[in-house]
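Below is one structure; the comments refer to it alone.
Derivation of every value follows stated rules applied to the coordinates shown; laboratory data play no part. Predicted model only: the values in this text are computed from it and were never measured. Don't worry about glycine lacking a Cβ; one is built from the backbone with ideal geometry, like all the others, and counts go over all protein chains shown.
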Amino acid sequence: MAAILFGLAVRLLIRESQNITWLEFKTGLLGVPPVYLGIAFFLVALNYGLLTGYDLLALRYVCRSLPLRRVALVSFLGYSLGNNLGTLLAATPIRFRFYARWGLSPSQIVVLITMLGLTFWSGLWVLGGAVLVAVPVELPEEVPLPFGTRTLGAILLCLAAAYLTVCFVWRKPLPIGKLRLRPPEPGLMAAQASVAAIDLLISATTLYLVMPADTLVPFSLVLAAFLVAIAVSLITQVPGGLGVLEVILLTLLRDSAGDSVLASVLIFRLLYFVLPLFFGMLVLVGHEIYGGAVEARLAREED
């Protein structure tokens, strides 16, 4: 299904990009002041540091504590690779590999990964719901959503309220397969929603900074379009939202920012997805080489 949706998104993106001249694309690409690019790069680095909070909250839920350097390592690798290659293909195997090595049981890792997803969705429910109710946007016809974005925002707020209610009143373990999960305490739930909401705000701010300097696009519109694009990308399960993210942002922001917005979206993907993937691969290879060298040295010393 994801492959089909990806193919449709790419086809639509190609069709839309044919209406954009090279001059418009070049103007958008070169129209971002260097200082804004620098701030955007800093925000991306800050955001990937903030993502460590997802793992810290999940470890708190499973009552495990690890050195911050280890949590930061697995968090950066999980998100830099997972954002591009998908959760199942990259993020989940990485967390199983590292957390199992550091003493967590398979069931604890499954719970931890579940909490990571719940943390993100709680922030999206709260922030996305509030923003889309206040600033609804018109989806392109090619995006098959059976209701408007204001209705989507109301649904997200209802999900947030339901999650908060469960955290307050339900203390009995929920049987999920062989696992027995209790809803997090209200304080932990508030921390989850806050971390995820800040994560989304920083990401949307990065996109806003790389918009063409000569366009007057309200931040509220960029934020609303970004939240819709992220939600649809997650629902489609296309790794990194590749193609889906671009086509939705292009169609939602074109009227306000012009056709050169495609260049801005591509700059955002380069900063937020491609560069972290490159550094993540370097870190992973370097860590494996270093770990192998340490193991070989210890083996020689034992001999």
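So the values come out like this:
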item: Rough spin-label spacing in nm, given labels placed 7 Å along Cα→Cβ, for His287 and Ile235; result: 3.4 nm
item: Distance between modelled label sites at Arg171 and Ser105, nm, 7 Å Cα→Cβ extension; result: 2.3 nm
item: Amide H partners (placed H, <5 Å) of Leu181, local residues excluded; result: Leu174, Ile176
item: Spin-label model distance (nm) - Leu216 vs Phe41, 7 Å beyond Cα toward Cβ; result: 3.1 nm
